[in-house]
Amino acid sequence: MTSFPQNTFNAKSFGDNFTWGIAIAAAQNEGAYNIDGKGPSIWDNFSRRQGKIKGGAKPSVACDFYYRYKDDLLLAKALGFNSFRFSISWPRLLPDGTGRVNKEGIAFYHKVIDECLKLALTPYVTLYHWDLPAELEKQGGWTSHHINRWFNRYVTLCAEEYGDKVKDWIILNEPIGFTSLGYMLGKHAPGKTGLANFLPAVHHAALAQADGGRIIRSLVPFAHIGTTFSCSEIIPNSSRPEDIAAAQRADILFNRLFIEPLLGKGFPKDGFKLMDKLEMHNTAWKYTNRYQFDFDFIGLQNYFPIVIKYNPLIPIVQASEVKAVSRKVPVTAMGWEINAGSFYNVLKKFWKYGAVKEIIVTENGAAFKDELVNGVVDDQARIHYFQQYLHAMHRAQKEGVNIRGYFAWTLTDNFEWAEGYNARFGLVHVDFKTQLRTIKNSGYWFRDLLGG
Ligand code: BGC
């Protein structure tokens, strides 16, 4: 057995009631894309379009969690976690997005939740992790003003079905992720581009995160409610004023856009013209109060810092990223900078808002080029990554940031969106031909940390 470098912390260092969790998502793990009455999601359709996903990969089978959830939950338990974050597939419950309810879909999540409870894994349920029902996309998806009615109906259904068993709820997964990649840049489903799609999608997602919180609050007694944000430290490439201003615009888009309306501050502006356009939606519709909701926690998700330089050729933001590979810093297999100090800075930054009561790190992890050799995946780089990031989190917590939980991303290698199956983030290796699971050494490292 490989020996690991010494940790500067142990599980208890973070507090007795700390949530140690592992996270997955429906479209990335479940498979069974057309089984038992599930309707198609935008990812099922998007993955059928030529050239959209590396290797032509599809989420149709993924890691077959739909059939293997019991085994996978046992794995999560065996690795020492006390909580399990998963998302509900909207088109599995409502194949057309609205209207007809699919009883078999409802039953599936009851089974997953019951199994979690049986194993003493606290279920953290994400309501929307990017798999919009394809039927709703035909009617405009997140750009349509009907989306809020559709979404609220779906959230109500989930709260009524599962609210007596599930107390920990996450409304949206990374709204800037699905609005920018899916409705501005066309790199994710549904593959739309341009401001005419992006701005209404942002407005509707900002309403949805707050509306969703209110619905869960009103229907689920003792609910603990949060929503997640992708959070990246934005670092100007130089001290030149143009670079600093460009970094500020990027910070608005990447970090501030969704949390500030939620905290009642409205959309951030600071002279960024794009925000005036967004504000036009808001002024016309006078929704400022409806953007706000008093969450119990925010789900902070961190993967990498972003270095930004001024670039007049890029429309709207006039900024571009200086990629980590060109800066010769340590990177993951995704080319994402490994920088635990930046994670620490982000935790401090979001805590500074003051109005955030509790932070739960709802995702953090890394893809590496794992190799399965003689039944072993010796992913020392991932172990080192988690060691550094947990050390940084411990430091922030000791300095007063109220961090109450940490979810590693992710349990098993899975369908990594536009990257297909090549980017492996799991603590457990999956052979996608046979579905054979092999616990990586990073998984054993977590087991030793959490169990020891
Ligand atoms: C998403 C996950 C994704 C991970 C790694 C996060 O932005 O929530 O679904 O797999 O990043 O790319």
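Just a few scattered comments:
- Coarse-grained scattering of the stretch 295-410 at q = 0.11, 0.16, 0.20, 0.23 Å⁻¹, given as base-10 log I(q)/I(0) from a Debye sum over alpha-carbon atoms: -0.45, -0.85, -1.10, -1.23
- The stretch 141-186 - percent of accessible surface contributed by carbon and sulfur, probe 1.4 Å: 53
- Modelled FRET efficiency - R0 22 Å, K12 with L119, Cβ distances, 0.05 increments: 0.55
- Structural descriptor for the chain: relative contact order 17 percent, calculated from alpha carbon pairs under 8 angstrom and at least 6 residues apart.
- Rg over Rh [alpha-carbon atoms, Kirkwood Rh] for the stretch 1-101: 1.11
- Residues whose amide H comes within less than 5 Å of that of A408, counting only those at least five positions distant or on another chain, are G21, I22, A23 (H built at 1.01 Å from N in the peptide plane).
- Residue (of Y406, F254, Y389) at the positive-pole extreme of the stretch 11-451, dipole from beta-carbon charges: F254
- Net length gained if the chain between E242 and K273 were fully extended (0.36 nm per residue, minus Cα distance): 9.6 nm
- The chain - mean residue ellipticity at 222 nm from DSSP helices (-39,500 (n - 2.57) per run, n ≥ 4, rounded to 500): -11500 deg cm²/dmol
- Shape box of the chain [Cα atoms, principal axes, largest first, Å]: 60, 56, 46
- Fraction of beta bridges assigned by DSSP in the chain that are antiparallel (%, nearest 5): 25
- Separation between Cα centres of the stretch 232-269 and the stretch 387-425, rounded to whole Å: 23
- The stretch 1-147 - accessible surface per residue (Å², probe 1.4 Å): 39
- With 29 Å as the limit, the listed pairs K77/K349; K12/K349; K349/K369; K309/K352; K38/K323; K192/K369 have K77/K349; K349/K369; K38/K323; K192/K369 beyond it between alpha carbons.
The values are calculated or read from the model by the stated rules, or taken from the named source; none is laboratory data. In this text the structure is predicted, and so the values were computed from the model without any measurement. Note that we place each Cβ from the backbone using ideal geometry, even for glycine, and neighbour counts take in every protein chain shown. In case anyone asks, the SASA skips ligands and DNA or RNA and just uses the protein heavy atoms, side chains included. Shrake-Rupley method; radii C 1.70, N 1.55, O 1.52, S 1.80 Å.
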